[in-house]
Every structure is written in C-alpha cells, then in structure tokens.
Amino acid sequence: MERTQMSREAFADLLDRFGPEAANWPAAAVAPAEALVAADAGARADLEAARTVARVLARTALPVPVDSAFVGRVMAQVREGRAAAKPAALRLTPRFAFAGMTGLAMCLAVGLAIGILAPAPAAADYSGELAVLVLGVDDADAAAGDATTVDIGAGDLL
C-alpha cells in the first residue's frame, strides 16, 4: 500500500477536525499522519498540544445526564411561562398619556419662548456681492474648458 506525504497544515487540520486520537481519524489519513509524527518534531509537538487540550476539555466539560422526563418538565415549564406571560405591547394608560401631553406642552412652551425672546437677525446687505451660477458642468467638461458660467449680481436675484 502506497503512503502519501502529509503536510503540517493538513495534519493541523486533521487534529482540529477529528482530535488527537488516531481512532477518530479517517482511515486514509492514519498512516501518513503517523509517518509525519515519527519524522517531524513540530508535528509531535502539535499532537501533544492537542492531547493536552483534549484532556483539559474532558475534565471541565462533563456531560449532564438528561432523560426524557427532565426534557418533559422543562418543556412544560416553557409552555406555562408562555401562557402566563402577558404581551409586551405598549398600552395607552392615563399615566402614559399625561406624560406625553406634558412633554408636548413643554416643547411648545420652550419653542414659543425662544421665538419671542430671541433677537431677530440683522438684515444682511448683499448688494456688493456676486453669485455664480453653474449649470450642468461635470469634471470632464471643466477639464475640457466647455463650462459656461454666468455671473449674476445679487440685485438680479431679488
């Protein structure tokens, strides 16, 4: 049987997918992976690191025994909770209506106060300035010199 070479990247992918135990690896990958581990110290270090991670996970992630009666109790509690839960829709209560109307009245009062108390802006004198009106010009027209500009005095705009 012919052995194919396995790269370190393929070996790392094998460890990530199937774990450090050769019994969990695909049959076609066992011989090349073992040959790589025998020949490469980096692959041996990767395998040992994966085994360490697997041991730590085995100690910390213990399975919880779950039977069908437990699942039934949990589902019954979920159904009861859904039936007892009130919809979380926003209801118009007198307190909510009062708060909304109070806020609206305050906004109106502040707006009126600002409108009355704020000084009027001074009239601006634009008679000595010119406005430039450019119609339908893009960068290509401007670069080619095709842009046409018309100068209009401020008095012409009024």
Output ³J(HN,Hα) for segment 18-29: one whole-Hz value per residue in order, computed from phi by the Karplus curve 6.51 cos²θ - 1.76 cosθ + 1.60 with θ = phi - 60°, and x for Gly and Pro. 10, x, x, 8, 5, 5, 8, 7, x, 4, 6, 9
Simple SL model, points at 7 angstrom along Cα→Cβ for Ala49 and Phe96; separation in nm is 5.7 nm
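Extension gain Phe70-Gln5, at 0.36 nm per residue separation less the Cα-Cα distance, in nm?
18.4 nm
Would you please put 24-37, 61-74 in order of how densely packed they are, using the mean number of other Cβ atoms within 10 angstrom per residue and starting with the highest?
Working: 24-37: 15.1, 61-74: 8.2.
Ranking, from highest mean packing down: 24-37, 61-74.
The numbers here are math on the coordinates, done by the rules we state, and not lab data. From a predicted model like this one, the values you see are computed outputs, not experimental measurements. Note that each Cβ is placed from the backbone with ideal geometry, even for glycine, and that neighbours are counted across all protein chains shown.
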